[in-house]
Amino acid sequence: MTLELELGELATEIAKEAGELALRRRRDGVHLAATKSTIADIVTEADREVEALIRARLDAARPEDGFLGEESGAGSGTSGITWVVDPIDGTVNYAYGMPAYNVSIAAVRGSSEPESWEALAAAVNAPALGELFTAARGHGAWAGETRLAVTSDTSAGALLATGFGYDPATHDGDLATVRLVMPIARDLRRSGSAALDLAYVAAGRLDGYFERGLKPWDFAAGALLVEEAGGLVSRHDVDSTRPMLISGGPEVHARLLALLGEKR
Ligand code: IPD
């Protein structure tokens with residue numbers, strides 16, 4: 001078995017267990033643990049508990065690997081592999097009882113800096129939706145037994161998704177970005193979960209997705225799903241602090257890139 005498939009199996013197994021824990025804690029009732037960058041940027045006790053479970057399972061299975069998690073930070077390793085983990089992507093949905101949240105786990109070759117890594121394996125498990133998306137580099141992207149493929153025909157306009165950062169000071173800029181893309185859009189969705197947006201691009205349920213200011217754990221797993229489904233993902237330095245992530249099938253990616261890829 002290739003390293004990519006081996007890492008993919010481990011990511012999948014742990015994402016399943018972690019997803020069950022997140023779902024159980026949601027049914028028990030959610031407790032806020034803290035706010036982070038702004039008052040809207042929350043962390044629940046479940047985020048921390050789920051990340052601790054994932055980290056413990058990875059430490060036991062592959063103690064030489066590095067780790068980068070949304071809640072517990074970074075730990076360096078010696079194997080050259082780093083795990084990039086969002087224990088609950090879509091935390092606000094989770095807190096409000098909306099089902100669009102997921103456990104997102106990626107194994108990358110390289111450091112925890114997205115510019116330096118190559119993603120090798122990914123699992124995005126959305127337990128309240130009953131969906132598990134997986135990918136291993138060179139082996140395709142999958143939803144269960146179904147192989148995923150991005151869309152190619154967007155003659156009726158592109159079904160796009162985006163997200164907005166937690167900082168109210170960035171909302172105007174994000175809305176201006178939306179105005180820029182609407183001429184090529186059939187419609188726009190905002191799910192509240194970057195990893196699911198990317199999984200949906202991979203699955204052909206969206207034609208494209210863009211968002212500024214994502215953190216590595218928001219897109220590490222989802223980006224590999226898109227690439228393994230035949231799509232493209234790129235990041236652009238459009239302003240000093242919030243890189244723009246653009247994803248889609250090759251044609252939509254090119255059209256989004258032309259509209260959003262330049263510095264403003
Ligand atoms: C957030 C979600 C959201 C996106 C934000 C992310 P979190 O991740 O992916 O859709 O718009 O930029 O931070 O905080 O729920 O893990």
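The values are calculated or read from the model by the stated rules, or taken from the named source; none is laboratory data. Keep in mind that this is a model prediction, so the values were computed, not measured. No Cβ is skipped: glycine too gets one built from the backbone with ideal geometry, and neighbour counts run over all protein chains shown. For the accessible areas, the whole protein counts, side chains as well, though only heavy atoms, and no ligand, DNA or RNA atoms are used. Shrake-Rupley method; radii C 1.70, N 1.55, O 1.52, S 1.80 Å.
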Two-site label geometry, S79 and R179: point separation in nm, points 7 Å out along Cα→Cβ: 4.9 nm
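Using 0.36 nm per residue, how much length does the chain from L129 to S152 gain when fully extended, once their Cα-Cα distance is taken away? Could you put the intermediate results ahead of the total?
Details: separation 23, 0.36 × 23 = 8.28 nm, distance 2.58 nm.
Once the chain is fully extended between L129 and S152, it gains 5.7 nm.
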What shape does the stretch 111-162 take by its C-alpha gyration tensor, where a ≥ b ≥ c are the square roots of the eigenvalues and a/c under 1.5 counts as rounded, a/b above b/c as prolate, and the rest as oblate? oblate
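If the chain between E118 and D41 were fully stretched, how many nm would it gain, using 0.36 nm times the residue separation less the Cα-Cα distance? Before the final figure, lay out the partial values.
Details: separation 77, 0.36 × 77 = 27.72 nm, distance 2.84 nm.
In short, 24.9 nm is gained.
What is the percent carbon and sulfur in the accessible area of the chain, measuring with a 1.4 Å probe over the protein chains and ignoring ligands? Show your work: numbers first, answer last.
On the way: 5970 of 11520 Å².
Its accessible area is 52 percent carbon and sulfur atoms.
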Kindly provide the helix-only [θ] at 222 nm of the chain, computed as the sum of -39,500 (n - 2.57) over DSSP H runs of four or more divided by all residues, to the nearest 500 deg cm²/dmol? -11000 deg cm²/dmol
At a threshold of 8 angstrom on Cα-Cα distance, excluding pairs fewer than six apart, so keeping six or more, what relative contact order does the chain reach in percent? 17 percent
Other-chain or far-sequence residues with amide H under 5 Å of W117's (modelled H): none
Would you mind getting the accessible area per residue of the stretch 1-87, heavy atoms of the protein chains only, 1.4 Å probe, in Å²? 50 Å²
Where does helix 216-228 land angle-wise versus the long Cα axis of the chain, in degrees 0 to 90, nearest 10? 70 degrees
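Decide, for the stretch 90-224, between rounded, prolate and oblate: order the square roots of the alpha carbon gyration tensor eigenvalues as a ≥ b ≥ c, take rounded if a/c falls under 1.5, and otherwise choose prolate if a/b is larger than b/c, else oblate. Working shown, then result.
Working: a/c = 1.42, a/b = 1.24, b/c = 1.15.
Since a/c stays below 1.5, the shape of the stretch 90-224 is classed as rounded.
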Under a 1.4 Å probe, what is the accessible area of the stretch 124-264 per residue, stated in Å²? 42 Å²
With the charge dipole of the stretch 143-204 built from beta-carbon charges (+1 for Lys and Arg, -1 for Asp and Glu) about the Cα centre, the Cα from T151, S193, Y166 projecting farthest to the positive end belongs to T151
Distance (nanometres) between label positions extended 7 Å along Cα→Cβ at A56 and L5: 3.1 nm
